[in-house]
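Heads up: the structure comes next, in structure tokens.
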Amino acid sequence: MKQNLLFSAILMGSFLSTNAQTAKPEDTEYYTPIPKVITPGSVYGVPPSDAIVLFGGKNLDQWVPTKDSTSNKKWTVANNCMTVNKANGDLQTKRSFLDFQLHIEYRIPSNITGTGQARGNSGIFLAALPWGAGGYELQVLDNYKNTTYVNGQVGSLYKQTPPLANACRKPGQWQTYDVIWTAPRFNEDGTVKSPARATVLHNGVLVQNNTVLTGDTPYIGQPSYKQHGPEPIKLQAHGDKSEPISYRNIWLREL
Ligand code: MG
């Protein structure tokens, strides 16, 4: 018995040493493709070197009104930021995108009034669609000591998934959103091949962790998917009566 154990131990030892001799560290190391070298920007302001700057503070060259793309009625640009013009409606990018990393900063005015959903309501549609709910909305709202339904507060994927935390700053301060968006994919017959997914940091805090969207984000009714491809990004001019909010430093990296 003792001899058998000893024999087994010798066998095991020789197996391990053989395996250790044949397996090399470099077997599990690879060198290509090499990740692209870029210069990182600061949390606020300076975009990384490969970003598409959608708003740098000077003009709205990258944007058109959603309802009337020939109109020159746009939002106000002053002091390096763009301010919602509610009468002129939503604004969307001229270009269309599929998967991306988006950085955007917004400021609720310090004199904001209203309650619930009627307090600094805007929104970022990660893909603007010309039908139904108008796309997939990441909510913008003042939820600093302002409550509403949790799946409609700031950081929510509207009427679907509440944020993991309320990382709201006080009105009057600039706030950041960093979004990683994976657009939905569709089969040829229009059925969903893979749903949309969003990871969102609000003021540097994770609020959506690779969240799967069950469809678009309607105000009334259930989410649903309808086939689309690369789409613009849209900023919402919400019809509430509160003071309009501002955006700045909007940039995007296509993935
Ligand atoms: Mg909204």
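The values are calculated or read from the model by the stated rules, or taken from the named source; none is laboratory data. What you see is a predicted model; the values in this text were computed from it and never measured. Here the Cβ is made from the backbone with ideal geometry for all residues, glycine too, and neighbour counts use every protein chain on show. The area values use the complete protein model at the heavy-atom level, side chains included, leaving out ligands, DNA and RNA. Shrake-Rupley method; radii C 1.70, N 1.55, O 1.52, S 1.80 Å.
Select from region 76-90 the residues that are within 22 Å of the chain's Cα centre (by Cα) and at negative phi and write down the one among them that is surrounded by the fewest Cβ atoms within 10 Å (Cβ to Cβ).
Restricting to residues being within 22 Å of the chain's Cα centre (by Cα) and at negative phi, the top hit is T83.
Only one of T214, T199 is part of a strand (DSSP E or B), polar (S, T, N, Q) and open to solvent by 20 Å² or more (accessible area, probe 1.4 Å). Can you tell me which? Can you show your working first?
Numbers: T214 fails: part of a strand (DSSP E or B).
Only one candidate qualifies: T199.
Pairs needed: first member in region 125-139, modelled with pLDDT under 95; second member anywhere, near the ligand (Cβ under 10 Å from one of its atoms) and outside any strand (DSSP E or B); C-beta distance under 6 Å; at least 6 residues apart or different chains.
Cβ pairs passing all conditions: A133/T217.
If I filter region 175-194 for residues that are of a type in the set (D, E), within 16 Å of the ligand (Cβ to nearest atom) and within 27 Å of W75 (Cα to Cα), do I get at least one hit?
Of the residues in region 175-194, the ones of a type in the set (D, E) are 178, 188-189.
Restricting the remaining residues to those that are within 16 Å of the ligand (Cβ to nearest atom) gives none.
Checked against the condition, which is being of a type in the set (D, E), within 16 Å of the ligand (Cβ to nearest atom) and within 27 Å of W75 (Cα to Cα), region 175-194 yields no hits at all.
Among the listed residues T93, T113, T148, which satisfies the condition of being open to solvent by less than 40 Å² (accessible area, probe 1.4 Å), polar (S, T, N, Q) and away from the ligand (no atom under 14 Å from the Cβ)? Spell out how you get there, then give the answer.
On the way: T113 fails: open to solvent by less than 40 Å² (accessible area, probe 1.4 Å); T148 fails: away from the ligand (no atom under 14 Å from the Cβ).
Just one listed residue meets the conditions, T93.
Do we find that L164 is under 15 Å from the mean Cα position of the chain (by Cα) and touching a residue at least 60 places away in the same chain (Cβ under 8 Å) in this structure? Spell out the reasoning first.
Details: under 15 Å from the mean Cα position of the chain (by Cα): yes; touching a residue at least 60 places away in the same chain (Cβ under 8 Å): no.
No, not satisfied.
Are any of the residues in region 22-29 surrounded by 10 or more Cβ atoms within 10 Å (Cβ to Cβ) and either assigned to a strand (DSSP E or B) or modelled with pLDDT under 90 (or both)?
Within region 22-29, not a single residue is surrounded by 10 or more Cβ atoms within 10 Å (Cβ to Cβ) and either assigned to a strand (DSSP E or B) or modelled with pLDDT under 90 (or both).
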